[in-house]
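Engineer: Input: one structure, supplied below.
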Amino acid sequence: MKEEEKEIKEEEEEEEVNPTEVKMSQIVMPSHSNHRQELSVGQLLKWMDSTACLSAEKHAGCSCVTASIDDIYFDQTISVGQVVNIKAKVNRAFNTSMEVGIVVVCEDLFTDRRWRVCHAFATFVTQRSASGIKVQLSPLRPGSQRQQEEHSLAAERRRMRRVHDDIIKDLLSDRTFQQAGGVGGGAGAGAGPAGGVVAAEKTRVESVELVLPPHANHQVNTFGGQIMAWMVNVATIAASRLCHAHPSLRSIDMFTFRGPSQVGDRLLLRAIVNNAFRTSMEVGVQAEAYRGGGPNRHINSAFMTFEVPDAHGNPRTLPRIRPEPLHGERRFQEAIARKKIRLDRKYIISCKQAEVPLSVPWNPSNQVYLSYNNVSALKMLAARNNWQLNSKEDQVCLYTLEEQGSLSFRVEAELDVSAQRAFRLLGDLRNRTHWDRHYLECDLIRSADKDDFLYRVVAPSVDPAPGGSANQDAGVLQEFILLASRRRPCGPGDPYVVALRSVSLPTHPTPPSSPSSPSPTHRRGEVLCAGFTILATSESTSLISYYNQASPEVLPYISTDIAGLSSSFYRSFCCCRQYLTQNCLGPGDQDQDPEQDQDPDQDQDCSSLDYVTLL
């Protein structure tokens with residue numbers, strides 16, 4: 001708790017205030033609470049949406065509406081008499097949309113204690129002008145390091161939103177997931193032991209709300225937060241019908257507003273329990289708008305996860321669900337897929353970099369989130385503002401950064417090669433065997449998609465394995481399974497990015513190292529965070545920066561020879577520069593996938609160096 005309060009204090013003491021920042025403080029009154037005298041989630045969502053909208057309009061200078069909200073996890077509650085502090089600010093503005101970050105902090109006035117309740121990222125879009133033309137947003141210039149990090153990661157989060165629905169479809173069509181019992185597992189799939197089975201029809205709820213002026217904003221459009229509050233209401237009733245108790249809302253999945261609603265509309269809200277797991281249940285909610293005798297317009301769909309706490313606050317075991325015929329079975333199966341994705345997403349993205357094991361198992365269902373974690377880790381490392389210049393030779397600069405037990409390096413120089421060409425050459429790791437002596441082998445295992453690739457890299461051994469001797473491990477090579485994520489610029493001033501991190505694959509298990517096993521020829525190495533950023537400085541020149549965040553296993557080795565390592569870094573980068581300049585012209589500079597992009601084999605006369613300087 002002290003660490004969290006320190007983090008909250010650091011955010012509030014940020015050097016440069018975001019000009020779009022808006023704050024709202026509300027004291028929780030009995031009229032805002034539920035039966036447990038806690039702030040209702042519906043009321044909190046209304047306050048969050050209002051604050052975010054004000055921030056968006058502060059930057060846009062015109063009317064804005066809520067387009068979508070990412071996943072929200074409610075890990076803490078707020079009681080009557082406590083104060084809710086909501087802060088919203090635009091992280092990045094694109095052409096006609098912008099991402100707004102929202103942080104909710106609870107304050108206890110009697111104990112002077114504060115804790116974070118939740119955070120969210122909302123997307124707002126500008127309203128069309130009177131002539132029907134979309135309003136173009138001006139770019140937002142980040143000031144502090146924290147603002148730069150959020151500005152850079154906003155592009156990655158937007159990429160995830162665009163493929164969110166496709167992830168569900170891909171997982172449902174994956175045979176491995178089906179064979180594991182995720183799909184077609186019957187009415188009891190995924191559910192734990194409970195007293196009896198409840199028909200899903202018994203949890204169905206239908207309610208109609210009339211949109212009145214208090215429910216709308218200054219453009220007479222219904223507040224997105226108000227719609228979400230109504231959806232939470234019917235979802236809570238549906239969950240209560242399954243458990244015959246008062247459930248607690250734990251999370252809301254990412255959802256998108258599909259159309260506007262205005263004063264005078266009738267909102268038809270439907271909810272049903274899609275699936276019940278051992279201690280949690282998913283409730284699906286749909287909102288439709290209609291007016292008079294007109295057709296229903298689909299406004300929104302959402303999926304909410306509920307738990308039922310017992311007297312000690314622990315989640316209770318829930319009854320199983322028997323899905324409805326036809327569409328009920330589909331919703332039942334999709335709920336299982338969403339649960340797996342939700343766990344993957346929370347585990348990979350919500351954890352701090354140091355809390356996630358280096359070699360997280362890669363599979364198609366978590367590919368998007370591992371890729372996000374890979375790119376975001378490199379972007380956050382690049383955004384640090386406390387890099388120290390260690391040496392400079394022949395316009396090649398070496399920077400170091402030591403914080404929280406990790407040692408990071410940055411090597412950069414401006415080269416006479418276009419950013420697009422450099423991205424093409426550096427984006428395919430197999431090209432590194434042409435200039436990097438410590439890339440003894442580099443094989444493309446598979447192309448996950450057009451931007452993410454899995455490689456197997458073999459490098460010389462640096463130091464003996466734990467418990468081994470130098471002579472024993474002299475012939476043992478280092479093996480790496482790397483996820484390489486490539487990103488093109490999202491907007492002016494953005495760099496090309498090639499991010500690297502370790503993953504594990506069932507097809508490439510860790511070589512045996514037990515005393516009873518034969519001596520392995522390879523020893524598995526780990527890469528925490530590494531990669532390149534390539535920023536165009538002109539049509540024919542670019543600033544190329546290489547980053548490496550050393551993992552704990554190699555920190556002792558690095559600290560013993562920082563001067564020699566600096567020289568090694570310099571020689572390595574010179575080899576890279578030589579290779580890029582010799583291949584700065586090619587048959588077109590169109591970005592291609594690795595399997596289609598192979599350059600001629602040209603060995604360079606480079607000095608050897610420690611593998612950690614490269615991977």
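Engineer: Please count how many residues of the range 160-219 are closer than 18 Å to residue 282 by Cβ, at pLDDT 85 or above and part of a loop (DSSP other than H, G, I, E, B).
Structural biologist: So the answer is 1.
Engineer: In this structure, is residue 223 closer than 25 Å to residue 341 by Cβ and either surrounded by fewer than 14 Cβ atoms within 10 Å (Cβ to Cβ) or in contact (Cβ under 8 Å) with a residue 12 or more places away in the chain (or both)?
Structural biologist: When the stated conditions are applied, residue 223 does not pass them.
Engineer: While we're looking at this one, here's another question. Within the range 257-278, track down each residue that is in contact with an Asp or Glu (Cβ under 9 Å, 6 or more places away or on another chain) and open to solvent by 30 Å² or more (accessible area, probe 1.4 Å).
Structural biologist: Result: 266, 270.
Engineer: Test of understanding: among 359, 350, 371, which residue is at pLDDT below 90 and open to solvent by less than 70 Å² (accessible area, probe 1.4 Å)?
Structural biologist: 359
Engineer: For the range 119-128, state whether one or more residues are surrounded by 19 or more Cβ atoms within 10 Å (Cβ to Cβ), more than 19 Å from the chain's Cα centre (by Cα), modelled with pLDDT of 90 or more and not in a strand (DSSP E or B).
Structural biologist: No - not one qualifying residue is present in the range 119-128.
Engineer: Do we find a residue being at pLDDT 95 or above, within 30 Å of residue 385 (Cα to Cα) and either more than 25 Å from the chain's Cα centre (by Cα) or surrounded by 14 or more Cβ atoms within 10 Å (Cβ to Cβ) (or both) anywhere in the range 71-85?
Structural biologist: yes
Engineer: Having 3 or more residues that are touching a residue at least 24 places away in the same chain (Cβ under 8 Å), closer than 27 Å to residue 143 by Cβ and charged (D, E, K, R) is the bar; report the strands (runs of 3 or more DSSP E) wholly within the range 371-458 that clear it.
Structural biologist: It comes to 406-415.
Engineer: Related question: Using the structure shown, decide if residue 301 is small (Gly, Ala, Ser), outside any loop (DSSP other than H, G, I, E, B) and open to solvent by 20 Å² or more (accessible area, probe 1.4 Å).
Structural biologist: For residue 301, the condition - small (Gly, Ala, Ser), outside any loop (DSSP other than H, G, I, E, B) and open to solvent by 20 Å² or more (accessible area, probe 1.4 Å) - is met.
Engineer: Sticking with this one: For the range 430-449, how many residues are among the hydrophobic types (A, V, I, L, M, F, W, C), crowded, with 22+ Cβ neighbours inside 10 Å and either under 21 Å from residue 536 (Cα atoms) or in contact with a Ser or Thr (Cβ under 8 Å, 6 or more places away or on another chain) (or both)?
Structural biologist: Result for the range 430-449: 0.
Engineer: Hey, another quick one. Which residue is nearest to the chain's Cα centre (by Cα), if the candidates are limited to the range 382-420 and must be over 23 Å from residue 571 (Cβ atoms) and open to solvent by less than 30 Å² (accessible area, probe 1.4 Å)?
Structural biologist: 383
Engineer: Here is a further query. Checking the structure you have, find out if any residue of the range 9-32 is open to solvent by 20 Å² or more (accessible area, probe 1.4 Å), without any contact (Cβ under 8 Å) to a residue 24 or more places away in the chain and closer than 21 Å to residue 228 by Cα.
Structural biologist: Yes; the residues of the range 9-32 include at least one that is open to solvent by 20 Å² or more (accessible area, probe 1.4 Å), without any contact (Cβ under 8 Å) to a residue 24 or more places away in the chain and closer than 21 Å to residue 228 by Cα.
The values are calculated or read from the model by the stated rules, or taken from the named source; none is laboratory data. Predicted model, so just to flag it, every value in this text is computed and none were measured. No Cβ is skipped: glycine too gets one built from the backbone with ideal geometry, and neighbour counts run over all protein chains shown. These area figures cover heavy atoms from the full protein model, side chains too; ligands, DNA and RNA do not enter into them. Shrake-Rupley method; radii C 1.70, N 1.55, O 1.52, S 1.80 Å.
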